[in-house]
Amino acid sequence: MALREKYDEYQRPILGTISVIGFFLLWEWVATYVITVNPFFFTQPSKIAVAAKGLLFGGELWKDLAVSSKAFVWGFSLAVIIGIPIGVFMGWRRRAEYTLDPFFTALYASPLVALAPLLIIIFGVGLTGKAALIFLLAVFPFIFNAFAGVKSTDRLLVNVVRAFGGREKDIYFKVILPSILPYMVAGTRIAIGRGIVGIIVGEFYAASEGIGFAISRFGDTYRLPEMFAAILVLMTVAVVFTEGLRKLENIVAPWKAGQEAR
Amino acid sequence: MNTLASFYREREQTILGGGFILLLILAWQSIPSLVSLPKGISLFFTTPVEVVRAFHQLVVRNEIQSHVYVSAVEFVVGLAMAVLVGLPLGLVMGRSKILDAMLDPFVTAFNATPRLIFLPLLILWLGIGIWSKIMIVFVGAVFPLLINTYEGVKNVDRVLVNVVRSFGANEWQTMKTVVLPNSVPYIVAGLRLAIGRALLGVVVGEFFGASKGLGFMIATAATNYKVDVVFVGVAIFMGLSLVLTMSVKKIETKLTRWRPEAAKTF
């Protein structure tokens, strides 16, 4: 009976683990005994595991990840540094909102990835082109979340600071900044997803190294196990970041703040 | 004078917003006549007038129509498939605890990852024809739809479900009378997100290994330094995306007017 209760308590993680393990076992079993796969078009978990071991313990994959991360960090930091002040300014000054909002909304709603070939031709296939693309994709979640955060600031708190003789600077640092924090976490989560899109597109399009380049090169050379392994690595990174930030979001803002992408 | 001031005050938002965009376009147009651009930059430079002229040329020479057609087919078929798969799966996951627990790891993992990384794989499997693009649109658009449908089903009012249950409704009738109508606003919001992802799939899918479509047009124009044609393509995608997302947003606000503000952004 106690076992039954334990099961009910942990039903979700248990079933989830079972289904993931079951999925890989079934895949392996089908690929080994039922349909013999053409190794040029499909592969199976055991081969992926071998390839993953090779990738993780060889230096190649780490080098690719390092190259991609560098571009990501540059583009992303620039998006934070430029996006947040613009968003705060837009939220704080009504006329600034009226002026900038339609323009930024139009840019946020459109697939800016379409500019990738142009950016890469202008900035080159190296770090700068990728960083520019990542910046362009990641800046708008920061703008709009900072904007929404400022908009949700308690007017009363602002008035209190004013009544006690606080300056404009005090309002920014003591009221607005703390109240936009939860929005910032949500913005970061969305921006990370868009930033990874930027990396992938930039590296698919024109690059000589990086994780996106590795995936497309493995595909071009029919090294399917390596390709799946690299995809799994990238998936793990994405899941860790987005789910981690979602957890953080629930801690800093249990009432669910933040704007969803688009 | 007074009427002019009140006219401005009434329409300040439109005037400032539209004025800023107009100003940017004018500034862009007048850059070449204000400063002489060095040769390296003028190669990448174009003006709005040239973009419009390029668009006109493409239409007159009947070059752009087939690109638009291919992109539209990929978009519509991929999105339709996403709706056909995402909606039922979201409904089922929302209603069945066991299926929810079993599928959740996969949905979470795929949703967190930009599905564009599957593009090389899809091209390998399906070739560079239209189907690899339809599939990339599909995998991009299906998850927002699935997850929003799921959220809608999860957020259904328990009391209403219990009422129809106690009056003897079976699962199908519960679904039809309570669950589905309740999740419509969520589904529409999911559709809006899905449209964005679908367009992303069309653009990026056509950049690589395609021989037709607007994305292909942009990519080839960029390699040939025809910057004005690049901007024609970008402008079409921007326009499409704006018109589609704004109209879905209109429907969304109509459907969610009665909803408290907090429930609108999920």
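Derivation of every value follows stated rules applied to the coordinates shown; laboratory data play no part. This is a predicted model, so every value here is computed, not measured. Because the Cβ atoms are built from the backbone with ideal geometry, glycine has one as well, and the counts that use them run over all protein chains shown.
Below is a table of values for the structure above.
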| item | result |
| --- | --- |
| Cα centroid of the range A:1-41 to Cα centroid of the range B:3-51, whole Å | 58 Å |
| Three-way shape call for the protein assembly as shown based on the alpha-carbon gyration tensor, with the a/c threshold at 1.5 | oblate |
| Point-to-point label distance, A:Lys169-A:Arg12, nm (Cα→Cβ direction, 7 Å offset) | 4.7 nm |
| The range A:114-262 - percent relative contact order, Cα under 8 Å, separation 6 or more | 30 percent |
| Between the range A:55-75 and the range A:97-153, the Cα center-to-center distance that results, in Å | 24 Å |
| From the C-alpha gyration tensor of the range B:56-177, square roots of 5λ in Å | 38, 18, 10 |
| Spacing of the two label points (7 Å from each Cα toward its C-beta) at A:Asp154 and B:Val76, in nm | 5.3 nm |
| Dimensions (Å) - chain A, Cα atoms, principal axes, largest first | 77, 65, 30 |
| Chain B: projected area of the alpha-carbon convex hull, averaged over directions, in nm² | 20.9 nm² |
| Using alpha-carbon coordinates, inclination of helix A:45-57 to the longest axis of chain A, degrees | 60 degrees |
| Length added when fully stretched, A:Ala96-A:Phe23, from 0.36 nm per residue minus Cα-Cα | 21.0 nm |
| Mean ellipticity per residue at 222 nm, deg cm²/dmol - from DSSP H runs of n ≥ 4 across the protein assembly as shown, formula -39500 (n - 2.57) | -26000 deg cm²/dmol |
| Max mean-square fluctuation residue, GNM over chain B, Cα-Cα springs under 10 Å, options B:Val159, B:Val142, B:Val85 | B:Val159 |
| Normalised contact order of the range B:24-140, rounded percent, pairs of Cα under 8 Å and 6 or more residues apart | 28 percent |
| Charge dipole magnitude, Cβ of K and R +1, D and E -1 - chain A, Cα centre, debye nearest 20 | 760 debye |
| Pairwise FRET efficiency - B:Leu255 versus B:Ser96, Cβ, R0 = 25 Å, nearest 0.05 | 0.45 |
| Reachable lysines, given that their alpha-carbon falls under 19 Å from the alpha-carbon of A:Lys174 and they are not under 8 places away in the same chain | A:Lys151 |
| Mean Kyte hydropathy of -1.0 or more with a Cα span along the axis of at least 27 Å, helices from DSSP in chain B | B:12-34, B:64-95, B:130-154, B:180-207, B:227-255 |
| Residue-span extension gain [A:Ile81 to A:Lys53] - 0.36 nm each, minus C-alpha spacing | 6.3 nm |
| Set of lysines near B:Lys39 by C-alpha distance (under 27 Å), chain-local residues within fewer than 8 positions excluded | A:Lys130, B:Lys226 |
| B:Lys39-A:Trp62 pseudo-label distance in nm [points 7 Å out on the Cα-to-Cβ vector] | 4.7 nm |
